[in-house]
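Undergrad: Before anything else, here's the structure in question.
The values are calculated or read from the model by the stated rules, or taken from the named source; none is laboratory data. Here the structure is a predicted model, which is why all the values come from computation and not from measurement. Methodologically, a virtual Cβ is constructed for each residue, glycine included, from the backbone with ideal geometry; neighbour enumeration extends over all protein chains shown. When the accessible area is computed, the model is the full protein with side chains, heavy atoms only, and any ligands, DNA or RNA have been set aside. Shrake-Rupley method; radii C 1.70, N 1.55, O 1.52, S 1.80 Å.
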Amino acid sequence: MTANKEWILVLDFGGQYNQLIARRVRECSVYCEIRPYNKITPGEIRKLAPSGIIFTGGPNSVYGEGAPQTDPEIFSLGIPVLGICYGAQLMAYQLGGQVTTPETREYGKTETIFEQDCPLFRDLPRQGITWMSHTDYIERLPEGFQVTAYTMDCPSAAMQRLERKLYGVQFHPEVLHTENGTQMLQNFLYTVCGCTGDWTMRRYAEAAVQELREKIGNGRVLLALSGGVDSSVCAALLAKAVGSQLTCIFVDTGLMRKNEGDEVEAAFAQWDISFVRVNAGERFLSRLAGVEEPERKRKIIGEEFIRVFEAEAKKLGQVDFLAQGTIYPDVVESGLGDAAVIKSHHNVGGLPDHVDFKEIVEPLRLLFKDEVRALGRELKLSEVLVSRQPFPGPGLAIRVLGEVTPEKVALVQEADAIFREEIARAGLDGSIHQYFAVLTSLRSVGVMGDERTYDYTVALRGVTTTDFMTADFARIPYEVLERASSRIVNEVKHVNRVVYDVTTKPPATIEWE
C-alpha cells in the first residue's frame, strides 16, 4: 500500500463489479485496495486503519450453503461500512435482519425513491434510476437500521444506522446506469468517511520514484519491453527513478502493427536508458508455420518470447532486479483464483527460468489501466505509446485466423493501417476505444475488372466500452466504412471482400481468437 493517509478497503465477495467499485473510488481522488473477504481479519483491518470499508456484491445467497461470510466484528471497529447488493444483504443478515427471496426479482434499470436526509443521497434528486441485479432482498432490517430508499418491488433498497456509520444499498452505484451513482460513492467517502481526496497521479509518481530509488539503489534493472502501454510506462517510471541502470529488451516478434516497432524504438531514443531491440520476426514465424489452433499459437509465441528474451539477457550477466509491467487488475484476478479463464493472451509468458536476477519489481501493480496512462502522461512519455490501444500479447497472430504466414501478416498489417487511417481522418479515434482488422480464413468469389477472383475476406472490428469487461460495437458511419472497404480492396492484394463485426461482448469477445 502507498503512503496515503486516507484509503478505502474494498472487501470482495465475488462480485463482477469489484474492480469497477475500486476505480470509481479512485476517480473520487481517494486511494483504495481490493482484498478477498476471507484473506483479512478484523484485527488486521484495525492495524491498517482504513478510512472506510466497502463490501462488494456477489453471486451467492447469504443463507446458502458455503456462502461468503465475514467476521461480524468488522461492524464494531468504528470504521464506516458500505455494503453493495450482496454486501448489503450480508450486513443485514449478520446483524440480525432477515433476507429472503421475493416473488418479484429486480434486474436492470429501476425507478428508485431516496430519503434525502441520508448522507449517501444528500443534495441529490429524491427520485432516480438505479441499476438492480438481485434475486434476494432485505425483508426485515436489523435492529437500529432505517430504510433510506425503496422501489415498487423492493421496500428496502437502501438502509443506514447513522450512529455506527453502517450503510447498505441494494443497487449498484458504481455502474454508469445508476444516476448520480458516483456522487453517492463520493458522499460516502467525503461525508461519512471524512476523506479529503489526496490520491493524485502527481503525488503517486513522486512517491513511486522515491520508493524505486530507495529499493534499487545502485542495482541494475532489466525489463522486457513489449511496446504496450503497461511495459512502456513501467520503463518510463524506472528511467525517471534510476536512468542508465535500466536495460530494456524490446523483442520485435514481427507480429506487431505496421511500423510499430520503429515507433517504440523512436519513443525511447532520447531516454537515458539502455535500449536493446531484437528483430526476431523470422524466428517467430518459422515456429508458427503450419499451426492453426489459437491456444497453440499463443503458447508458441509465449515460449519463444521468453527464449529470445533469455538469450539476450544472458549477454548482460547478472542483474539485480527484473521489472514487470503488472497492473492492478492482474494482481486482483490472480489473488482470487476462482475466475473462469476466457483467454490467455494478455501476458505473453511467465517468468524466465534462466535469467540471473535477485528480485522482481512491479512498479505499476497498484494501478488500473486508465491510471497507468495518466502516469505515462505525468512522466512525459510519448503520446504514441500512452494512448496506444490494447494489443494482445501474441499480436497479429490471433488476428490472422488459421495458419500464420509472412504474407498473411503483411496483408493484415496493411488492412489494419488503412482502417486506422480512415478512423483518424474521420475524427473518430477518440470515441472508439479499440478498432482493428482481422484476416479471416474465409475466401470467396469476387469480380475485379473483367476477371473473377477467389480471395480473402477482411473483417473490421470497432468497439466502445468503459471497462473492456463488456463492449458494444461502434456505430461507425457508413461513409467511413465505405472508404476503408474501398481502399482495402484496392490497395491490399488478395482481398476482395470486407465485412464489419456488429457483435457485442458478451456473447463475443473483443478479439476473434
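Undergrad: Does ILE54 qualify as being of a type in the set (A, V, I, L, M, F, W, C), part of a strand (DSSP E or B), surrounded by fewer than 21 Cβ atoms within 10 Å (Cβ to Cβ) and in contact (Cβ under 8 Å) with a residue 24 or more places away in the chain? Reasoning before the result, please.
TA: Numbers: of a type in the set (A, V, I, L, M, F, W, C): yes; part of a strand (DSSP E or B): yes; surrounded by fewer than 21 Cβ atoms within 10 Å (Cβ to Cβ): no; in contact (Cβ under 8 Å) with a residue 24 or more places away in the chain: yes.
No, not satisfied.
Undergrad: In the range 199-212, what residues are of a type outside the set (A, V, I, L, M) and over 23 Å from the mean Cα position of the chain (by Cα)? Let's see the steps before the verdict.
TA: From the range 199-212, those of a type outside the set (A, V, I, L, M) are 199-200, 202-204, 206, 210-211; that's our starting set.
Correct list: GLU206, GLN210, GLU211.
Undergrad: Give all pairs with beta carbons closer than 6 Å in which a residue from the range 111-137 that is part of a loop (DSSP other than H, G, I, E, B) and modelled with pLDDT of 95 or more meets a residue that is surrounded by 14 or more Cβ atoms within 10 Å (Cβ to Cβ) and among the aromatic types (Phe, Trp, Tyr); count only pairs at least 6 apart in sequence or on separate chains.
TA: ARG126/PHE114
Undergrad: If LYS358 meets every condition in (1) closer than 30 Å to PRO406 by Cα; (2) at pLDDT below 90; (3) among the basic types (Lys, Arg) apart from one, which number is that one?
TA: If we test LYS358 against (1) closer than 30 Å to PRO406 by Cα; (2) at pLDDT below 90; (3) among the basic types (Lys, Arg), just (1) comes out false.
Undergrad: Does VAL458 meet the test of being open to solvent by 20 Å² or more (accessible area, probe 1.4 Å), assigned to a strand (DSSP E or B), of a type in the set (Val, Ile, Thr) and touching a strand residue (DSSP E or B) at 6+ places or on another chain (Cβ under 7 Å)? Give the derivation first.
TA: Values: open to solvent by 20 Å² or more (accessible area, probe 1.4 Å): no; assigned to a strand (DSSP E or B): yes; of a type in the set (Val, Ile, Thr): yes; touching a strand residue (DSSP E or B) at 6+ places or on another chain (Cβ under 7 Å): yes.
Spelling it out, it is not the case that VAL458 is open to solvent by 20 Å² or more (accessible area, probe 1.4 Å), assigned to a strand (DSSP E or B), of a type in the set (Val, Ile, Thr) and touching a strand residue (DSSP E or B) at 6+ places or on another chain (Cβ under 7 Å).
Undergrad: Ok, one more. State whether one or more residues within the range 175-184 are more than 26 Å from the chain's Cα centre (by Cα) and not charged (D, E, K, R).
TA: Going through the range 175-184, the residues more than 26 Å from the chain's Cα centre (by Cα) turn out to be none.
Looking through the range 175-184, none of the residues is more than 26 Å from the chain's Cα centre (by Cα) and not charged (D, E, K, R).
Undergrad: THR504 passes all but one of (1) surrounded by fewer than 18 Cβ atoms within 10 Å (Cβ to Cβ); (2) in contact with an Asp or Glu (Cβ under 8 Å, 6 or more places away or on another chain); (3) under 12 Å from PHE419 (Cβ atoms); which number fails?
TA: THR504 satisfies every listed condition except (3).
Undergrad: Consider only pairs whose beta carbons are under 9 Å apart and that are at least six residues apart or on different chains; among these, list those whose first residue lies in the range 75-88 and is assigned to a loop (DSSP other than H, G, I, E, B) and whose second residue is of a type in the set (Ser, Thr, Tyr).
TA: From residues that are assigned to a loop (DSSP other than H, G, I, E, B), the pairs are ILE79/SER51; PRO80/SER51; PRO80/TYR167; CYS85/TYR17; CYS85/THR56; CYS85/SER133.
Undergrad: Any chance the range 126-134 includes a residue that's open to solvent by less than 10 Å² (accessible area, probe 1.4 Å) and hydrophobic (A, V, I, L, M, F, W, C)?
TA: Among the residues of the range 126-134, at least one is open to solvent by less than 10 Å² (accessible area, probe 1.4 Å) and hydrophobic (A, V, I, L, M, F, W, C), which makes the answer yes.
Undergrad: When you go through GLY14, GLY43 one by one, which is the residue that is surrounded by fewer than 21 Cβ atoms within 10 Å (Cβ to Cβ), of a type outside the set (S, T, N, Q), without any contact (Cβ under 8 Å) to a residue 12 or more places away in the chain and out of contact with any Phe, Trp or Tyr (no Cβ under 7 Å at 6 or more places or on another chain)?
TA: Working: GLY14 fails: without any contact (Cβ under 8 Å) to a residue 12 or more places away in the chain.
Of the residues listed, the single one that is surrounded by fewer than 21 Cβ atoms within 10 Å (Cβ to Cβ), of a type outside the set (S, T, N, Q), without any contact (Cβ under 8 Å) to a residue 12 or more places away in the chain and out of contact with any Phe, Trp or Tyr (no Cβ under 7 Å at 6 or more places or on another chain) is GLY43.
Undergrad: Which condition from (1) among the hydrophobic types (A, V, I, L, M, F, W, C); (2) crowded, with 19+ Cβ neighbours inside 10 Å; (3) in contact with a Phe, Trp or Tyr (Cβ under 6 Å, 6 or more places away or on another chain); (4) within 30 Å of ASN18 (Cα to Cα) is the one that ALA474 breaks?
TA: With respect to (1) among the hydrophobic types (A, V, I, L, M, F, W, C); (2) crowded, with 19+ Cβ neighbours inside 10 Å; (3) in contact with a Phe, Trp or Tyr (Cβ under 6 Å, 6 or more places away or on another chain); (4) within 30 Å of ASN18 (Cα to Cα), ALA474 is out only on (3).
Undergrad: Just one of (1) closer than 22 Å to LEU185 by Cβ; (2) in a helix (DSSP H, G or I) trips up TYR93, so point out which.
TA: Checking TYR93 against (1) closer than 22 Å to LEU185 by Cβ; (2) in a helix (DSSP H, G or I), the one that fails is (1).
Undergrad: Select from the range 260-279 the residues that are open to solvent by 60 Å² or more (accessible area, probe 1.4 Å), within 19 Å of GLN413 (Cα to Cα) and touching a residue at least 24 places away in the same chain (Cβ under 8 Å) and list them in ascending order.
TA: GLU263, ASN279
Undergrad: From LEU381, LEU351, LEU336, grab the single residue that is of a type outside the set (Gly, Ala, Ser) and modelled with pLDDT of 85 or more.
TA: Details: LEU351 fails: modelled with pLDDT of 85 or more; LEU336 fails: modelled with pLDDT of 85 or more.
Going through LEU381, LEU351, LEU336 in turn, just one is of a type outside the set (Gly, Ala, Ser) and modelled with pLDDT of 85 or more: LEU381.
Conditions tested, residue by residue: (1) assigned to a strand (DSSP E or B); (2) in contact with an Asp or Glu (Cβ under 9 Å, 6 or more places away or on another chain); (3) buried (at least 19 other Cβ atoms within 10 Å of the Cβ); (4) not charged (D, E, K, R).
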| position | (1), (2), (3), (4) |
| --- | --- |
| GLY144 | no, yes, no, yes |
| ASP153 | no, yes, no, no |
| PHE188 | no, no, yes, yes |
| CYS195 | no, yes, yes, yes |
| ASP198 | no, yes, no, no |
| SER232 | no, no, yes, yes |
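Undergrad: List the residue pairs whose Cβ atoms are under 6 Å apart, where the first residue sits in the range 180-193 and is touching a residue at least 40 places away in the same chain (Cβ under 8 Å) and closer than 14 Å to LEU166 by Cα, the second is of a type in the set (D, E, K, R) and open to solvent by less than 20 Å² (accessible area, probe 1.4 Å), and the two are 6 or more positions apart or on different chains.
TA: Between residues of the range 180-193 that are touching a residue at least 40 places away in the same chain (Cβ under 8 Å) and closer than 14 Å to LEU166 by Cα and residues that are of a type in the set (D, E, K, R) and open to solvent by less than 20 Å² (accessible area, probe 1.4 Å), the close pairs are LEU185/ARG24.
Undergrad: Would you check if there is a residue in the range 209-216 being within 24 Å of SER29 (Cβ to Cβ), touching a Ser or Thr at 6+ places or on another chain (Cβ under 9 Å), surrounded by fewer than 19 Cβ atoms within 10 Å (Cβ to Cβ) and modelled with pLDDT under 95?
TA: Step one: of the range 209-216, the residues within 24 Å of SER29 (Cβ to Cβ) are 209-212.
From the residues that got through so far, the ones that are touching a Ser or Thr at 6+ places or on another chain (Cβ under 9 Å) too are 211.
Then drop every residue that is not surrounded by fewer than 19 Cβ atoms within 10 Å (Cβ to Cβ), which leaves 211.
This time we only want the ones that are modelled with pLDDT under 95, so: 211.
Yes - at least one qualifying residue is present in the range 209-216.
Undergrad: How many residues are surrounded by 14 or more Cβ atoms within 10 Å (Cβ to Cβ) and among the hydroxyl-bearing types (Ser, Thr, Tyr) if we restrict to the range 415-454?
TA: The qualifying residues number 3.
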